Amino acid sequence: MTTLTEHSSVPGGSTAAAAAAALNKTYGSGDTTVHALRNVDVTFEAGTFTAIMGPSGSGKSTLMHCLAGLDTADSGRIWIGGTEITALKDAELTRLRRDSVGFVFQSFNLVPTLTAEQNITLPVALANGKVDRPWLAEITDTLGLTGRLSHRPHELSGGQQQRVAVARALLTRPHVVFGDEPTGNLDSKSGAEVLSLLRRSTREMGQSIIMVTHDPVAASYADRVVLMNDGELVGELAQPTPESVLAALTKLGA
């Protein structure tokens, strides 16, 4: 496994939760070639909540999938924590995703036959690991799930199901949690609750979160918004508001 060394330095140094350098990704060939990522350089600082935004086809989902090791770039380098994942073999990458990366998707991806607690602890069980019970209790208490742990998904509201997914992502104390439109299937009230919890996990638990979203209101919960267009990074916003995000997206034609 390639780790942080003098010859494999992470942009942003040891404070980076994830980073990419000179990242390129294309789909198709000839007249149908799509440049999903064009020489992308970006750093996501540890302990921060970042939203990635841009018009449809801007490359935001491709960037997240490459950063998370779910897709491979054509060229460039990617780090999670101090580990360069573009240098890992498949088995090493699988281990790193299991141990160092959390995921929260638009679909909750819960196992319907398992209780909320069993869904939360499932990744640890699959890895034959030991659940950190005090940490589990702290997470579920923070997320308001303590009284729902014996319930199965069909007995939970959409917002509660997504809280279970968030708890599952946080349980292994990953270097970074990736959220792919995590509130896309929720009503506005439940979505606001989940986004508030994600923000709290950054501010109170030191968790690093990278979220792709098309929603300016959702993005306003982040500390920073990274803007993409045509596969390139074209700007960013610090301390975003719904209004500032919407104005930036309007300039991009989103």
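Sequence gap at least 6, Cα distance under 8 Å: using those rules, report the relative contact order of segment 53-209 to the nearest whole percent.
With pairs under 8 Å counted, the relative contact order is 27 percent.
Can you grab the distance from the C-alpha centre of segment 51-83 to the C-alpha centre of segment 197-254, Å, no decimals?
Here the answer is 15 Å between Cα centres.
Taking amide hydrogens as modeled 1.01 Å from N in the peptide plane, which residues meet the under 5 Å criterion relative to A17, leaving out close sequence neighbours?
F44, E45, A46
On full extension of the chain, what length is gained from R98 through H151, given 0.36 nm per residue of separation minus the C-alpha to C-alpha distance? Provide the component values of the computation, followed by the final result.
Working: separation 53, 0.36 × 53 = 19.08 nm, distance 2.51 nm.
Length gained between R98 and H151: 16.6 nm.
By a straight-distance test (C-alpha under 29 Å), which lysines pair with K189 as possible cross-link partners, with residues fewer than eight away in the same chain excluded?
Partners found: K60, K251.
If we count other beta carbons within 10 Å of each Cβ, what is the order of D90, D180, D31, fewest first?
Numbers: D90 8, D180 21, D31 5.
Lowest count first: D31, D90, D180.
What does the charge dipole of the chain about its Cα centre add up to, to the nearest 20 debye, if the Cβ of each Lys and Arg holds +1 and the Cβ of each Asp and Glu holds -1?
Working: 21 positive and 26 negative charges, 110 e Å.
Roughly 520 debye, rounded to the nearest 20.
Anyone know which of T48, T183, T94 comes out most mobile in the 10 Å Cα GNM of the chain?
Among T48, T183, T94, the largest mean-square fluctuation in the Gaussian network model of the chain belongs to T94.
Only Cα pairs within less than 10 Å get springs; with that Gaussian network setup on the chain, which residue of G231, G28, G57 has the largest fluctuation?
G28
Cross-link candidates for K130: which lysines have Cα within less than 28 Å, leaving aside residues fewer than 8 places away along the same chain?
Leaving aside lysines fewer than 8 places away in the same chain, those within reach of K130 are K89.
Please compute the modelled spin-label separation between N109 and S196, points set 7 Å along Cα→Cβ, answer in nm with one decimal.
2.6 nm
First check a/c for segment 57-105, with a ≥ b ≥ c the square roots of the eigenvalues of its C-alpha gyration tensor; if it is under 1.5, answer rounded, and if not, answer prolate when a/b is larger than b/c or oblate otherwise. Let's see the in-between values first.
On the way: a/c = 1.95, a/b = 1.28, b/c = 1.53.
Oblate, since a/c reaches 1.5 and b/c is not below a/b.
If I build a Gaussian network model for the chain, linking alpha-carbon pairs within less than 10 angstrom, which residue out of A68, A91, A19 has the largest mean-square fluctuation?
Residue with maximal mean-square fluctuation among A68, A91, A19: A91.
Can you put K89, K25, K60, K251 in order, fewest other beta carbons within 10 Å first? Show your work: numbers first, answer last.
Numbers: K89 9, K25 22, K60 26, K251 12.
So the residues, fewest neighbours to most, are K89, K251, K25, K60.
Calculate the dipole size of segment 157-254 relative to its Cα centre from +1 charges on Lys and Arg beta carbons and -1 charges on Asp and Glu beta carbons; express the result in debye to the nearest 20.
Details: 9 positive and 11 negative charges, 92 e Å.
Approximately 440 debye in magnitude.
Please rank R173, R168, fewest neighbouring Cβ atoms within 10 Å first, as an exposure proxy. Could you put the intermediate results ahead of the total?
Working: R173 14, R168 23.
Lowest count first: R173, R168.
Which chymotrypsin sites (Phe, Trp or Tyr not before Pro) does segment 59-130 hold that lie in a coil by DSSP with at most 11 other beta carbons within 10 Å?
Details: sites: W79, F103, F105, F108; in loops: F108.
Taking segment 59-130 and a limit of 11 other Cβ atoms within 10 Å, no loop chymotrypsin sites (Phe, Trp or Tyr not before Pro) are found.
Run the helix sum for the chain: -39,500 (n - 2.57) per DSSP H stretch of 4+ residues, divided by residue count, reported at 222 nm to the nearest 500 deg cm²/dmol. Write out the running numbers ahead of the final one.
Details: 8 runs with 86 residues, N = 254.
The helix contribution divided over the chain gives -10000 deg cm²/dmol.
Hey, if you put +1 on the Cβ of every Lys and Arg and -1 on every Asp and Glu Cβ in segment 91-171, which of V164, A125, L143 ends up farthest toward the positive end of that dipole?
A125
Based on DSSP, what percent of beta bridges with both residues in segment 117-254 are antiparallel, to the nearest 5?
Values: 6 of 10 bridges.
Just about 60 percent of them are antiparallel.
Pairs of Cα atoms under 8 Å, at least six residues apart: use those to get the relative contact order of segment 184-237, whole percent. Please report the intermediate quantities before stating the final value.
On the way: 28 pairs, mean separation 11.9, N = 54.
After rounding, I find 22 percent.
Given charges of +1 on the Cβ of Lys and Arg and -1 on the Cβ of Asp and Glu, with all other atoms neutral, how large is the dipole of segment 157-204 about its Cα centre, in debye to the nearest 20?
Details: 7 positive and 5 negative charges, 49 e Å.
I would put it at about 240 debye.
FYI, it's all coordinate maths here, none of it is from the lab. Since the model is a prediction, treat every value here as computed from it, not as a measurement. Note that each Cβ is placed from the backbone with ideal geometry, even for glycine, and that neighbours are counted across all protein chains shown.
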